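Shown next, in structure tokens, is the structure this report addresses.
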Amino acid sequence: MARQLFGTDGIRGVAGEYPLDAATVYAVGAALGGWCKAHSPTPQVVIGMDTRESGPWIAEQVAGGLARAGVASRLAGRITTPGIACLTRNDTFVAGVMISASHNPYRDNGIKIFDHTGFKLPDLTELELEAEILSLREVGDSTPQPLTVDPLLDERYLDFLASAFDASLTGLRLVVDCGHGAAYQLAPALLRRLGATVDTLGCEPNGRNINLDCGALHVDRLASRVVELQADAGFAFDGDADRCISVAANGDIVDGDATLLVMARHLLRKGRLRGKGGVPVVVATVMSNLGLEKALQAEGIRLLRAPVGDKYVLEEMQRTGANLGGEQSGHVILLDHATTGDGLLTALRLLAVMVETGRPLHELTQGFEVYPQTLVNVRVRERKPLDMLQEVQQAIRDVEGELAGNGRVLVRFSGTEPLVRVMVEGPTFAQVETYAGQIAGVIRSSLGVV
């Protein structure tokens, strides 16, 4: 059945417009309330949000729908997405709702739902909720429920994070860029609590500057500040802080792939990197660099690739028994600690490796040779199955033959736009740009361009 509301990461859109208009958001709360009543006689739902100006009214509409169903809400206020997952899992809440559009601009927002296990709702549950939401939406109710922030909730989340770090950061100087997002108070407070000296960027949200030229998507300013202050490391988070991109003391950028390598090596040496059949495994996505695969192979670690999206990474981890996975974007899942990617937890675990080994971050990533990679987006008129287009498939085979095992080709449709994405990795930038251009040209002639 085709989805109308839920995507790979909840419901997302422009705040105030369908599906994030008041009536639909209220219906989301009412439908979720019905689901909660079926799972608990006295259900409570925890609600959190990032720093977008639309967050409060969306939260109150969700709470209004929940109240219609007889379900109580507690507001954690400005908190990270993994913070809501943590509270839902470790407290008595039957569900958790996060109001965030992650790395998107401030005009967008979204609704992510977690069940009591701390995992996002399975596809079947989302489809059942979607049908109920669309039915309730026709009634047109949209009565908000006023909410007051419970300050104890984010303290519980900080306690959980601190418990995942059994050393001290005393003597370390760190820089954090919170992207004017959900971690703007939490990240500095956590690191200072553990003993670090902390300098901050992107910690002055105004409702409209979230992710704006800062945070995990724009790390140049953070890298410059780390070098300028001679800091030991820097960490950049996206709007809801489920991603972390790090900066080493020498200014090197440490993305999600490099983070996975550092953590995989550390867990392997401790005998704690898991996988079915006794073979240690790391799960990444089809976009992760070939250099990660080769570096892991050198350690005797198998890399498994899932489709793009943390949801699919998690599914593959659960299928294969892996406890480490993530995306190049900095979304790292540490299943021994949490049920979802957590940027603050990722930063802590990297710091734990640095403290335990006594080595700076740029040394911990040695042996990771990043293969040049390019991505070309082709906007097309129609969406025909790519495997049915013989000319396109032949162009892909030709490039793969030229690469001869020293690169990769990935051609796929965007999940949200009329785009075909052409990714090519190879030995040199000149080669990958040429090969990507060749494939993109064949796609344009086969599907037409807008």
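Inter-label distance, THR434 to ARG319: 3.7 nm, where each label sits 7 Å from its Cα along the C-beta direction.
Across the range 1-87, the relative contact order, built from alpha-carbon pairs under 8 Å that are at least six residues apart, equals 31 percent.
Computed from the C-beta positions of GLN4 and LYS37, the FRET efficiency with R₀ = 22 Å rounds to 0.40. As a ratio to 2.2 N^0.38 Å, the alpha-carbon radius of gyration computed for the chain takes the value 0.99. Can you count the Lys pairs in the chain with C-alpha separation below 23 Å, eight or more apart or on different chains? Lysine pairs meeting both conditions in the chain amount to 8.
Note on the range 303-418: Cα convex hull, mean projected area over all directions, 9.9 nm². Report summary: the helix-based calculation at 222 nm, which adds -39500 (n - 2.57) for every DSSP H run with n ≥ 4 and divides by the residues of the chain, gives -12000 deg cm²/dmol. With R₀ fixed at 35 Å, the C-beta to C-beta distance from TRP57 to ALA164 puts the FRET efficiency at about 0.55.
What does the charge add up to near TYR435, with Lys and Arg as +1, Asp and Glu as -1, over the other residues with Cβ less than 14 Å from its Cβ? Counting the neighbours of TYR435, the net charge comes to -3. In a simple Cβ point-charge model (Lys, Arg +1; Asp, Glu -1; nothing else charged), the range 197-349 has a dipole of about 780 debye relative to its Cα centre. Semi-axes of the equivalent ellipsoid for the range 103-224, computed as √(5λ) from the eigenvalues of its C-alpha gyration tensor and ordered from largest down, come to 34, 20, 15 Å.
Taking every alpha-carbon pair in the range 154-253 and binning the separations at 10 Å intervals from zero gives 18, 49, 30, 3 percent. When +1 charges are put on Lys and Arg Cβ atoms and -1 charges on Asp and Glu Cβ atoms, the dipole computed for the range 19-124 relative to its Cα centre reaches about 140 debye. Membrane-span-like helices in the chain (whole DSSP H runs, Cα extent of at least 18 Å along the helix axis, mean Kyte-Doolittle hydropathy of at least -1.0): 22-37, 55-68, 123-137, 151-163, 256-269, 343-357, 390-403, 429-447. Along each principal axis, taking the top coordinate minus the bottom one, the Cα set of the range 1-153 gives 36, 35, 28 Å in descending order. If you take all other residues with their beta carbon under 14 Å from the beta carbon of ARG397, and give Lys and Arg +1 and Asp and Glu -1, the sum is -4. In terms of surrounding Cβ atoms within a 10 Å radius of their Cβ, ASP159, ASP232, ASP21 rank from fewest to most as ASP159, ASP21, ASP232. In the range 373-447, the inverse of the mean reciprocal separation of distinct Cα atoms equals 12.2 Å; this is its Kirkwood hydrodynamic radius. Sorted fewest first by neighbouring Cβ atoms within 10 angstrom, ARG225, ARG444 come out as ARG444, ARG225.
Working from Cα pairs under 8 Å separated by at least six residues, relative contact order for the chain is 12 percent.
Hey, can you grab everything whose amide H is under 5 Å from the amide H of SER73? Only 5+ residues off in sequence or another chain; H modelled, so Pro and N-termini drop out. Correct list: VAL45. Placing dummy labels 7 Å off each Cα toward the beta-carbon, the span from LYS294 to LYS276 is 2.9 nm. When only Cα pairs below 8 angstrom with a gap of at least 6 residues are kept, the range 154-253 shows a relative contact order of 30 percent. Per-residue extension of 0.36 nm, minus the Cα-Cα distance of GLU382 and ASN250, leaves a gain of 42.9 nm for this segment. Distance between the modelled labels on VAL370 and LEU124, one decimal in nanometres: 4.2 nm (7 Å Cα→Cβ projection). Taking the centroid of alpha carbons for each part, the range 226-262 and the range 375-437 are 30 Å apart.
Taking 0.36 nm per residue of separation and subtracting the Cα-Cα distance, full extension of the segment from PHE413 to GLU138 would add 95.7 nm. For the range 146-161 and the range 341-370, what is the separation of their Cα centres, given in Å? Distance between centres, Cα-based: 28 Å. For PRO372, neighbours were defined as the other residues whose beta-carbon sits under 9 Å from its Cβ, and their charges (Lys and Arg +1, Asp and Glu -1) total -2.
FYI, it's all coordinate maths here, none of it is from the lab. None of these values were measured; they are calculated from a predicted model. Using ideal geometry, Cβ is built from the backbone for each residue, glycine included, and neighbour counts are taken over all protein chains shown.
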